[in-house]
Amino acid sequence: MSMPMRRRPATRTTASRPRPTPAPAPIAPGGAGRSGASAAPGGAGGVGGPGGDGGGPRRAEVPLIPLHTAAQVRAAEAPLVEAGHGETLMRRAAHALAQEVLDRLETGCGRVYGAVVVGLIGSGSNGGDGLHALAKLRRRGVDARAVLLREDVHPDGLAAFRAVGGRTVEVIPASTEVLLDAIIGTGSRSGFTLPDVEGLAELLECRRESIVDERRPQVVACDVPSGVDVDTGTVAGDVIEADCTVTFGGCKTGLVIGAGSQAAGVVRTVPIGIEANLELPVRWLVGEDQSVGSEAGQRRRRGQCAPGGDERPAPLVRPRPADGDHKYSRGAVHVIAGSREFPGAAQLTSAAAVSTGVGMVVLQAPEEVRDRLVTMMPEVVTTSGRGSSVLQRATAAAVGPGIGRDVFQLAALGRALEWAGPGRPCVIDASALSHLNDSSFTDVELGPHVLLTPHLGEIRGVMADLDRDDLIELLESDPAAAVEQLAEQLEVTVLLKGPSTVIAAPDAPTVVHRVDAPGLATAGSGDVLTGIIGALAAVRPEEPMWRTAALGVRIHAQAAGRIDPFGCGAFGAGRLIEAVSPTSGTVAVGVDHRA
């Protein structure tokens, strides 16, 4: 059916929320080291290890890491540069960049002395960072060479490089072990053309073909891979894909979303002294679990690890039952899933909800689907849904997986939306998305407590039914902005599934979850996610849906990491069920970040 939904002009932008600009941060002598905490955005809040309250396992909290635009970073740097600290900032960045290269030489090549590192050097501060890093590498015995792509390279950086015997060359040798991309930096936009340097194309081809060879050349990007739009993650022309991107001051949106996320590789965010000047952003990245009792967790709660202090979103924490809880106080999720055509969707969604942890799971499905499930999962309560009070005990609903064209299940979708109207959480996924009609969003007053969970094809269908061809086009150039505008127009929360999942809601932070878990691209994986989020929403129905969805996505990805830590993708959605349980342990999955 078509669905011309209630329209509201989309006014949201990616601009910062206004707050007073702090005084420039004092810069202590010495260089910036690497951050000590890694944040691999793939796991879920789970068991953090022994030593928690009461002698049991510690609870884990999941911090949200700020994502900044290039303009915000430049604005934060400006007062320090004007005060004469520009060279200090550059040397701090160069120190972190050189340290990353040294680590990769030691682990990948087994040596530092005599190893060949070539830097592609552009103009401006990014090229200056690269030249100073090469100078530091030269002092450690690295055969560091520079390809100058512009005549107006950073003069002080070039002088420092030449002072330690660094050579400028015009050819990248086949023996190169690390290529340093210091061409553009935060000025990087899509439409980049690969420089015409002899040996460059051959090196990049060797890197692609030798993906599992430890001797393959590695690429380290300075701040942003050349060719990636720093704010949107778009890649419209050539791109130099990196194994690691060392970014300075704050993580940039373009490194964790869209094609830029794939091009950036491991992202390491290094503090250089501008952090106190950064404005509070509207987009945040799901970070790595921190034990609630850990020093890092305490610092984050005190607001010392990111700008904004108490204004920053609180960490995500997986709920656990209290001593006095019973099955009704823990929440009940009403699942509307499955049909004769797709009976397995009901089992996946219901089982995921049970494993996530909730007081009761009620499945509404055709009789043959219910009979099949009861023999496998007797703990799930089943219903035909024909009674008027079927949702009476529910604290959240999860609707859509596998309902196909079943007329009774489609009718149940309408009743679930009516039930959700006053402010009850409801997750709408899969088949339900294509069956929303005019009255779904006009006759019932919905809000951010309702969550749509489309994949890319499904969100295009929703946008087409809205006659929003502009949003379909925007999906290609700025996916986060497209999701934000759709959420504003429909006045609901929208979760766009993918390697970089985007969650947006009206008047709320936008959350990005980046993960390297290719096995999640399999039939039924979305049904499991629906069950997870539905259970979390039932346990804490008062929690903003964007937070519940972000935690659910993380739990889903961590389950994949437990059963497929090397990203081979050789598993089905059914194997995620047991791994969803918090008692499975905590693992770091996905692409590493350091925040």
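The values are calculated or read from the model by the stated rules, or taken from the named source; none is laboratory data. What you are looking at is a predicted structure, and each value in this text was computed from that prediction instead of being measured. Heads up, the Cβs are rebuilt from the backbone with ideal geometry, glycines too, and the neighbour counts pull from every protein chain shown. Just the protein is used for accessible areas: all its heavy atoms, side chains included, with ligands, DNA and RNA removed. Shrake-Rupley method; radii C 1.70, N 1.55, O 1.52, S 1.80 Å.
Distance between the C-alpha centers of the stretch 67-90 and the stretch 418-472? Whole Å please.
Distance between centres, Cα-based: 42 Å.
With only alpha-carbon atoms in the gyration tensor, what are the semi-axes of the equivalent ellipsoid for the stretch 61-174, in Å, largest first?
Value: 26, 20, 13 Å, ordered largest first.
Could you pull the accessible area for Phe192 with a 1.4 Å probe, rounded to 10 Å²?
About 30 Å², rounded to the nearest 10.
In Å², what does the accessible area per residue of the stretch 121-178 work out to with a 1.4 Å probe?
For the stretch 121-178, the solvent-accessible area averages 43 Å² per residue.
Val407 accessible area, nearest 10 Å², 1.4 Å probe?
Accessible area of Val407: about 100 Å².
What is the sum of charges, Lys and Arg at +1 and Asp and Glu at -1, for the other residues whose Cβ falls under 14 Å from the Cβ of Glu170?
0
Mind grabbing the accessible area of Tyr328 for me, 1.4 Å probe, Å², rounded to tens?
Looks like 90 Å² after rounding.
How much length would be gained if the chain were fully extended between Val407 and Cys568, taking 0.36 nm per residue of separation minus their Cα-Cα distance, in nm to one decimal? Intermediate results must be reported in sequence, preceding the final value.
Numbers: separation 161, 0.36 × 161 = 57.96 nm, distance 3.90 nm.
Once the chain is fully extended between Val407 and Cys568, it gains 54.1 nm.
Apply 1/(1 + (r/R0)^6) to the Cβ-Cβ distance of Asp469 and Glu202, taking R0 = 25 Å, and write down the FRET efficiency to the nearest 0.05.
Rounded to the nearest 0.05, the efficiency is 0.05.
So what's the net charge close to Gly84: Lys and Arg +1, Asp and Glu -1, counting the other residues with Cβ under 15 Å from its Cβ?
Here the charged neighbours net out to -2.
Could you pull out which residues in the stretch 136-162 have an amide N less than 18 Å from a spot 7 Å beyond the Cα of Glu170, following the Cα-Cβ vector?
The answer is 145-153.
Only Lys, Arg, Asp and Glu count, each charged at its Cβ (+1, +1, -1, -1), so figure out the dipole size of the stretch 68-125 about its Cα centre, rounded to 20 debye.
On the way: 5 positive and 6 negative charges, 21 e Å.
For the stretch 68-125, the charge dipole is close to 100 debye.
Beyond 20 Å, how much of the Cα-Cα pair distribution for the stretch 388-485 remains, as a whole percent?
41
If you take the charge dipole of the stretch 163-255 about its Cα centre, with +1 on Lys and Arg Cβ and -1 on Asp and Glu Cβ, which of Ser210, Gly249, Pro195 is farthest toward its positive end?
Positive-end residue among those listed: Gly249.
With a point put 7 Å past each Cα toward its Cβ, work out how far Arg320 is from Arg139 in nm, to one decimal.
4.7
May I ask you to rank Glu542, Glu288 by accessible area, largest first, using a 1.4 Å probe over the protein chains only?
On the way: Glu542 135, Glu288 40 Å².
Heavy-atom accessible area, descending, gives Glu542, Glu288.
Between Thr375 and Thr107, 0.36 nm times their residue separation minus their Cα-Cα distance comes to what?
Details: separation 268, 0.36 × 268 = 96.48 nm, distance 5.18 nm.
Working it through step by step, the gained length comes to 91.3 nm.
Within the set of other residues whose C-beta is less than 11 Å from the C-beta of Gly404, count the net charge using Lys and Arg as +1 and Asp and Glu as -1.
Values: positive: Arg340, Arg405; negative: Glu341, Asp406.
Net charge around Gly404: 0.
Leaving ligands, DNA and RNA out of it, rank Asp469, Asp478 by accessible area with a 1.4 Å probe, largest first.
So, going from the largest accessible area down, we get Asp469, Asp478.
So what is the accessible area of the stretch 335-376 per residue, in Å², with the probe set to 1.4 Å? Each step should come with its number before you reach the end.
Numbers: 1530 Å² over 42 residues.
For the stretch 335-376, the solvent-accessible area averages 37 Å² per residue.
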